[in-house]
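Working notes for the structure below.
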Amino acid sequence: MIDLIRNEVLKLLRRRRFTIAVVILAVILSAVTYGQYRQLQSAKDGDWRARTQQTIVRYQNAMRRAQANPTWARSLRLEIARLQYYLDRDIQPDKPNAPYIVRAFANIAGFLLLPLLVSVLASDVVSAEHAEGTDKLLLTHPVRRWRILTSKLAAVFLFTTLLLLCGALLGFTISSFALESRGWGAPTFSGFRLTGETVDFAAVRQLPLWQDTLIAYGLEWYALLMVASIAVMLSTIFRSSAASIGTMMAALIGGTILTRLTPDWIAGKYFFVSALPLADYYTGQPPPYEGMPLLFCISLLAVWAAAALIVAYGLFTRRDVFG
């Protein structure tokens, strides 16, 4: 099995998609760091309390205009409560520094960017064999087919993990050149919940930034592994790499748009895309549909991934060599 996994790792490296994904992350994180640096420079002589209060007022005005979009209104209401919570405790929220960039990366990139990059890595892990003309050799190899697919899945999981770690390391390294690198012990608050029209503070927990970051990255890692499992299934279904990658990207982008524009479509909460931003939900960001606590989202992703792997193994182990 080790030799099989090593062979799959070499295949993924040869396709250079992981390298391209890391470069994309580096470019985006550089732009984010520059934006945070400009924000820090413009606010250097200002009062963060006054700026936070101005932000709250701006969100309140926006919320009055957002009543036609319940999902946006809920998000604004929760963000106002979060900022006010920090303000009441005389703690500066979202202070621009390297640790904050690393922590924010789990929420911002985990929303769509990282799932898209993982889908590009994983969606042709099987279908690429057909494009390269090695599928018949692969399927007639004197090794059990389930072991071959398991080695591919293990390689995809390995690169998914490395991609998330590279994002965190790049975020800290790049932002440290322009922003303060200390602040891992700063207090953070998460667990804000919206009950009807009011914000529930009973579940709010205070953690140091480093611990809060580890939890957020653990949740994001879990979500990305589930995305990788679904992408591997599509790679098994389609013989064309373009078809498998295109279907996965369409599901992610289309699903994200759908969940944000159809808050009254209750069945939408069972689509895997609606449960992907686990780091957001852990922080307190309300999900697009009612009745989606964090445990429900974790369980939903597990069901989708399990079903995807059952389909993938069923198809791969029974595929006709000459089909």
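Descriptive notes on the structure:
- D3 being assigned to a helix (DSSP H, G or I), modelled with pLDDT under 80, out of contact with any Ser or Thr (no Cβ under 6 Å at 6 or more places or on another chain) and of a type outside the set (A, V, I, L, M, F, W, C): yes
- Put simply, of F189, F157 the only residue that is surrounded by 13 or more Cβ atoms within 10 Å (Cβ to Cβ), in contact (Cβ under 8 Å) with a residue 60 or more places away in the chain and over 30 Å from V232 (Cβ atoms) is F189.
- Selection within segment 211-256 - among the β-branched types (V, I, T) and within 22 Å of G268 (Cα to Cα): V227, I230, T247, I253, T256
- Where S30 falls short, out of the listed (1) of a type in the set (G, A, S); (2) under 26 Å from A168 (Cβ atoms); (3) at pLDDT below 85: (3)
Each row is one residue, and each column tells you yes or no for (1) buried (at least 17 other Cβ atoms within 10 Å of the Cβ); (2) free of Cβ contacts under 8 Å to residues at least 40 places away in the same chain; (3) in a loop (DSSP other than H, G, I, E, B); (4) in contact with a Gly (Cβ under 6 Å, 6 or more places away or on another chain).
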residue	(1), (2), (3), (4)
L170	yes, no, no, no
A178	yes, no, yes, no
A203	no, yes, yes, yes
Q211	no, yes, no, no
L214	no, yes, no, no
L224	yes, no, no, no
M233	yes, no, no, no
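- Residue within segment 16-23 that is assigned to a helix (DSSP H, G or I), closer than 30 Å to L121 by Cα and at pLDDT below 85 present: yes
- Residue selected from segment 265-280 under the condition touching a residue at least 60 places away in the same chain (Cβ under 8 Å) and out of contact with any Gly (no Cβ under 7 Å at 6 or more places or on another chain), by the criterion farthest from P115 (Cα to Cα): D280
A quick yes/no check of all residues on (1) at pLDDT below 75; (2) of a type in the set (A, V, I, L, M):
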residue: G35; (1), (2): no, no
residue: L40; (1), (2): yes, yes
residue: R49; (1), (2): no, no
residue: I56; (1), (2): no, yes
residue: T71; (1), (2): yes, no
residue: L76; (1), (2): no, yes
residue: A81; (1), (2): no, yes
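- Long-range neighbours under 9 Å by Cβ, at least six apart or interchain, first residue farther than 22 Å from G284 by Cβ within segment 297-309, second of a type in the set (S, T, Y) and buried (at least 20 other Cβ atoms within 10 Å of the Cβ): W304/S229; A305/S229; A306/S229; A308/S229; L309/S229
- Single residue of segment 261-320 satisfying the filter (at pLDDT 85 or above and not in a helix (DSSP H, G or I)) that is farthest from M249 (Cα to Cα): P293
- In this entry, A251 is excluded by the filter for residues that are assigned to a helix (DSSP H, G or I), aliphatic (A, V, I, L, M) and touching a residue at least 60 places away in the same chain (Cβ under 8 Å).
The values are calculated or read from the model by the stated rules, or taken from the named source; none is laboratory data. These numbers were taken from a predicted model, which means no experiment stands behind them. Here the Cβ is made from the backbone with ideal geometry for all residues, glycine too, and neighbour counts use every protein chain on show.
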